[in-house]
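Since the structure comes first, as structure tokens, the remarks are kept for the end.
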Amino acid sequence: MIEYTIPPFLIFFFGAALIPALGKGRVRNIFLVALAVLGIVSVVILKPQTGWKLPILPGVELILLQVDRLSLIMGYIFALAGGGAIVYALSTVKEAGQYVCALLYMGSALGAVFAGDFFTLYIFWEIMAFSSLGLIWYEGSRRARDAGMRYILFHLFGGAALLAGIIVHYVNTNAIVLGPVGPGVGYFLLLLGIGVNAAFIPLHTWLPDSYPKATIAGTIFLSIFTTKTGIYVLARTFSGVEAVAYIGGVMCLYGVIFAILQNDVRKLLSYHIVSQLGYMVAGVGMAAGLEIEMGINGAIAHLFNNLLFKTTLFMCMGAVIYATGKNNLTELGGLAKKMPVTMITCVIAALSISGVVGFNGYVSKGMVIHTAQVEGLTLLTIALTLGSVGTLISFLKLTYFAFFSKNEEIEAKEAPLPMLVPMCATAFLCVAIGVYPKLLYALLPYQEAALHYHAYEAGHTFGVIELLLMTVFLFFMLGFFAPHDKITYDVDYLYRKAGRRFIWFCEKPLVSFALAVERAVLRIAGYFVRFGTLEEAESQAVEEPVVSVSIGTAVLLVLLFFALYLIVMLTHGWLMSP
């Protein structure tokens with residue numbers, strides 16, 4: 001029997017609509033805290049098999065709410081982490097517009113994970129892109145505006161690919177229910193669109209480019225929703241695709257290598273989002289055969305844990321930036337005594353993400369690596385293990401040079417209470433799940449399979465401890481992991497070089513060719529005027545205003561037009577089979 005319940009996204013959408021009327025004082029803060037609590041409650045009360053449908057065309061219904069164990073665990077962690085981000089923002093966000101963007105972003109992410117069909121998913125997918133853009137642009141600097149433009153271009157491209165894939169899938173199957181996709185053009189278009197949000201290499205560059213340039217609170221929200229929604233949709237549509245598992249292995253190694261090279265603390269954490277997503281993508285790709293349950297469990301468990309420790313890390317670094325005004329490790333140090341609570345929560349989160357025994361990352365990473373071993377994927381097992389080693393190195397670097405290295409000149413004091421409360425709450429959960437993993441197992445899609453996994457099996461535990469101790473020894477003995485103030489080039493360097501070449505081609509050779517063609521046509525026209533039956537008339541130059549449009553704006557308009565064109569084609573039935 002299907003029960004009808006209000007979808008959680010409506011709570012945050014209505015909350016966003018009310019924010020501008022609440023002013024900037026205590027009333028707004030109380031409302032936001034109440035909204036965060038109400039959002040968590042709205043997810044907790046949901047029951048599996050609950051549905052909410054909206055007919056739009058004959059035989060076509062949008063499923064605005066479809067609840068099962070997979071969507072429920074996503075709803076739990078989104079509501080919990082998002083609620084913590086709302087409380088954290090109370091100390092740093094003053095503009096009503098930034099709260100509106102954050103609430104729309106959070107609501108659309110919840111809408112996407114509870115969507116039961118592809119078109120509902122697409123609607124929320126696009127709302128996520130545009131609402132999250134505001135969290136970057138509210139930072140106010142030129143670098144944030146430029147990064148925001150690159151961010152939205154990537155996501156419009158991904159959204160257009162997703163919509164095209166959905167339409168092709170619908171034409172081929174006459175079904176829009178969210179689920180596995182058959183081979184064909186639509187298959188690759190959907191994988192491409194999802195891959196942008198899931199930060200596949202080389203579609204990932206929007207993430208480390210934009211997240212460090214967003215507002216302090218905006219970065220917290222950004223780290224929670226977009227990429228994790230991509231992983232969730234990937235699990236719904238492409239589970240058991242071995243090529244996807246190897247994409248995850250590449251992401252894991254690529255992200256951790258670039259993270260080690262960073263000086264900007266938020267850029268380091270942004271590359272670690274890419275790396276940690278690699279474990280989730282690998283788990284989804286390995287979800288086939290006998291290990292389908294363990295693969296999905298590992299991916300979703302690591303997603304859940306990642307939102308706890310990664311949100312804590314971004315909160316801690318946001319607090320450091322708020323207290324010191326500094327972003328780079330070369331400018332930090334000496335904060336352990338000045339910001340002790342921030343230091344302790346950051347160390348807990350760093351140990352968690354590094355997979356240290358006794359913390360939640362150890363449990364979920366172990367699930368994913370165990371699945372790779374059982375499946376006999378040796379190269380993938382090595383990649384995921386090396387990724388774990390690199391993660392510990394980069395977080396030894398982050399915590400040591402941010403808190404424990406000497407810096408007598410730095411001035412700071414502990415972060416405000418609204419920042420500390422969610423940091424402490426998520427750090428506590430990192431420890432609680434690490435010590436008692438059954439808290440997490442009870443939430444996973446395949447609970448029985450999870451209960452059969454023994455995270456603290458003696459051989460595995462001692463092997464991990466030995467590997468971690470060797471890594472710590474290497475870090476302090478080798479010494480070349482100290483931060484350096486230098487630029488590291490990612491593949492977006494190639495995009496930008498290619499873009500500049502394309503603009504040069506348009507402005508120079510192409511314009512020269514057009515002018516040459518114009519002169520030739522005018523000469524031919526002049527010939528006919530002189531020797532034809534028409535009277536020769538003096539040509540008069542007509543001055544017309546030249547409108548200059550930036551290449552970014554032009555591409556943006558093209559992508560918007562393409563998305564609208566696909567929607568019109570669908571609604572008018574132009575793609576329907578005769």
- Item | the range 314-322 - phi-based ³J(HN,Hα) in whole Hz, Karplus 6.51/-1.76/1.60, Gly and Pro as x | 5, 5, 5, 5, x, 5, 4, 5, 4
- Task: At most 14 other Cβ atoms within 10 Å and a DSSP loop assignment: could you name the chymotrypsin sites (Phe, Trp or Tyr not before Pro) in the range 3-84 that fit?
- Result: Y4
- Query: In deg cm²/dmol and to the nearest 500, what is the mean residue ellipticity at 222 nm of the chain if only DSSP H runs of at least 4 residues count, each as -39500 (n - 2.57), divided by the residue total?
  - Reply: -22500 deg cm²/dmol
- Taking θ as phi - 60°, what are the ³J(HN,Hα) couplings along the range 20-26 by the Karplus curve (6.51, -1.76, 1.60), each to the nearest whole Hz, with x for Gly and Pro? x, 8, 9, x, 10, x, 5
- K438: which lysines have alpha carbons under 29 Å from its alpha carbon, excluding same-chain residues fewer than 8 sequence positions away? K47, K228, K310, K365
- Item | For the chain, Cys with no neighbouring Cys Cβ under 4.7 Å | C101, C252, C424, C430, C506
- Item | Distance (nanometres) between label positions extended 7 Å along Cα→Cβ at E411 and V177 | 6.4
- Provide the packing ranking of 151-164, 349-362, 484-497, i.e. peptides ordered by the mean count of other C-beta atoms within 10 Å per residue, highest first. 349-362, 151-164, 484-497
- Note on the structure: Once both label points are put 7 Å beyond Cα along the C-beta direction, the I524-A21 separation in nm becomes 6.5
- Message: Nothing charged except the Cβ atoms of Lys and Arg (+1) and of Asp and Glu (-1): what's the magnitude of the dipole of the chain about its Cα centre? Round to the nearest 20 debye.
- Response: 980
- Query: R0 = 25 Å: FRET efficiency of F473 with N327, Cβ-based, nearest 0.05?
  - Reply: 0.25
- Determine the distance separating the Cα centre of the range 395-445 from the Cα centre of the range 39-53; give it in Å without decimals. 30
- Quickly work out the E95-to-V33 label distance, labels modelled 7 Å from Cα along the C-beta direction, and quote it in nm with one decimal. 2.6
- Item | Eligible lysines near K337 by straight Cα distance, threshold 21 Å, same-chain separation 8 or greater | K326, K397, K406, K413
- Query: What is the packing order of peptides 170-182, 201-213, taking the mean over residues of other C-beta atoms within 10 Å and listing the highest first?
  - Reply: 201-213, 170-182
- Message: Compute the angle between helix 242-260 and the longest alpha-carbon principal axis of the chain, please, reported from 0 to 90 degrees and rounded to the nearest 10.
- Response: 80
- Sort 452-460, 432-440 for me by packing, meaning the mean count of neighbouring Cβ atoms within 10 Å per residue, highest on top. 432-440, 452-460
- Query: How far, in degrees from 0 to 90, does helix 265-285 lean away from the longest principal axis of the Cα atoms of the chain, to the nearest 10?
  - Reply: 90
- Query: In whole Å and largest first, what semi-axes does the C-alpha gyration tensor of the chain yield when each eigenvalue is scaled by 5 and square-rooted?
  - Reply: 43, 30, 25
- Task: Could you work out the relative contact order of the range 239-484, using alpha carbon pairs under 8 angstrom and six or more residues apart, expressed as a whole percent?
- Result: 26
- Reachable lysines from K497, Cα under 28 Å, same-chain residues fewer than 8 places away excluded? K213, K267, K486, K508
- Message: I need the phi-derived Karplus couplings for the range 457-471: 6.51 cos²θ - 1.76 cosθ + 1.60, θ = phi - 60°, integer Hz, Gly and Pro marked x.
- Response: 4, 4, x, 5, 5, 5, x, 5, 4, 4, 4, 5, 5, 5, 5
- Task: Could you calculate the FRET efficiency of I465 with V491 from 1/(1 + (r/R0)^6), where r is the beta carbon distance between them and R0 is 30 Å, rounded to 0.05?
- Result: 0.25
- Item | Loop-located GluC sites (Glu not before Pro) in the range 334-435, at most 15 other Cβ atoms within 10 Å (DSSP) | E408, E409, E411
- Item | Percentage relative contact order, the chain, counting C-alpha pairs under 8 Å, at least six apart | 13
- Query: If the viscosity is 1.002 mPa s and the temperature 20 °C, what Stokes-Einstein diffusion coefficient in µm²/s follows for the range 59-196 when Rh is the Kirkwood radius over Cα pairs?
  - Reply: 132
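A short reminder: the numbers here are calculations on the coordinates, not readings from a lab. Values in this document were obtained by computation on a predicted structure and should not be read as measured data. Cβ atoms come from the backbone with ideal geometry, glycine included; neighbour counts cover every protein chain shown.
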